[in-house]
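Notes for the one structure printed next.
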Amino acid sequence: MSAILTLAHRDLIKLLRDRARIVSDFAFPLIFIGILGTSLQAGFGGATSFNLLHFVFTGVLAQTIWQSTALGVISLLMDREQDFSQEIFVSPISRYSIIFGKILGESLVAFPQFIAILLFGLILGVPFTLEKIVAMIPAALIIAVYGGAFGVLVLSRLDNQRQANQIFPFVMLPQFFLAGIFNPIQNLPPFLDILTKIAPMRYAVDLMRDIYYGGGSGVPIFDLPTNLLVIGVEFALFMVIGTAGFVRAERNR
């Protein structure tokens, strides 16, 4: 446990020293919600009798947390290039503990974004209850570690940070639309419906909407137990396959 917390603390300190990352991490979600969400609500909200600002807000909130940890674990490749990862992996610590410590650290990094987006939502008039905010905290933690596990799976197949910077945008961008962050995905053509079911980010977004809207609202696609089951199964698969692939790459260096 101390090894996990040490790795998590290291990532939090790195964030606090990286002012450019702090600005970019906070700016983009606020632009999506403040400009895109507000303009969609102004243009189409009245005609649809549905608040599109709240819809975009919940989608961007989940996407930001999930993506933050998924991209954050790329620093494992930087550690590999600097031979820091080899020093960690020769220590008598479980490989899964090392990877989970990294994911937990990036989850701590994502949490200030969660708080900032909630505060921004309050400023824009997104309605909350205290019970809803309390319920969103564990949901955000689940989404964060789920995103981190997906990041480990992707980077386990990559050799260096340059490849990661080229591949991750192609992995992330399609999921912005397949996950239903800005657009409803209930009535898509069959081939797009299959792709949305494959996209992991979809379940993170749907979980957050389960918490915010509730199961009987008709907004979330799957109910809460279904989303938690899918996320739990995929998290276990991503961790096992991703950790095994990353450790194998370390041994083959």
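Assorted remarks:
- Taking Val230, Val134 and ordering them by how much accessible surface each has at a 1.4 Å probe, largest first, produces Val134, Val230.
- Relative contact order of region 53-194: 44 percent, from C-alpha pairs under 8 Å at least 6 residues apart in sequence.
- Nearest-10 value in Å² for the accessible area of Lys132, using the 1.4 Å probe: 50
- Derived scalar couplings ³J(HN,Hα) [region 157-166; Karplus, 6.51 cos²θ - 1.76 cosθ + 1.60; whole Hz; x for Gly, Pro]: 9, 10, 9, 8, 5, 4, 5, 4, 5, 7
- Pairs of Cα atoms nearer than 8 Å and 6+ residues apart set the relative contact order; for region 167-253 it is 20 percent.
- Highest average packing first - 217-229, 52-64, Cβ atoms within 10 Å: 52-64, 217-229
The values are calculated or read from the model by the stated rules, or taken from the named source; none is laboratory data. Worth saying up front: this structure is predicted, and the values here are computed from it rather than measured. Heads up, the Cβs are rebuilt from the backbone with ideal geometry, glycines too, and the neighbour counts pull from every protein chain shown. Side chains included, ligands, DNA and RNA excluded: accessible areas come from the protein's heavy atoms. Shrake-Rupley method; radii C 1.70, N 1.55, O 1.52, S 1.80 Å.
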